[in-house]
Amino acid sequence: MGFGSTAKKLQQVTDMAEDVYTRLNKLREQVDETRDAVDETRKRVDDIDRELAEQRAILDAIATEQGIDVETLIAEAHVVDAEEVAGEENDEQSKTGSDA
């Protein structure tokens, strides 16, 4: 009886090892797929950054030709954005203050 239970335990360990090996291979495949997706996304982002830089250069050249001060426009846009964010935060605080 001792050999039978030992063989059964060895079979269980073997089955568990095969299961772990299968899971490890699946995990390795998922990691490879994720790595490929990250690499592809990085390439896309680099392409978008390059295109954006080209468009920015074109817009700057057109603005300069038309006598438009790009830096001032950008600064004004940031001020407007900051004011909108501050207004939204005040609205949220008013809502939570009245709810309490």
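Just so you know, all these numbers are worked out from the coordinates, no wet-lab data involved. The structure presented is a predicted model; accordingly, all values stated were derived computationally and were not measured. Please note: Cβ atoms are built from the backbone with ideal geometry, for glycine as well, and neighbour counts cover all protein chains shown.
Check Ile68 against each of (1) in a helix (DSSP H, G or I); (2) surrounded by 10 or more Cβ atoms within 10 Å (Cβ to Cβ) and name the one condition it does not meet.
(1)
Quick check, is Asp60 part of a helix (DSSP H, G or I), free of Cβ contacts under 8 Å to residues at least 12 places away in the same chain, under 24 Å from the mean Cα position of the chain (by Cα) and surrounded by 10 or more Cβ atoms within 10 Å (Cβ to Cβ)? Steps first, please.
Numbers: part of a helix (DSSP H, G or I): yes; free of Cβ contacts under 8 Å to residues at least 12 places away in the same chain: yes; under 24 Å from the mean Cα position of the chain (by Cα): no; surrounded by 10 or more Cβ atoms within 10 Å (Cβ to Cβ): yes.
Criteria not met by Asp60.
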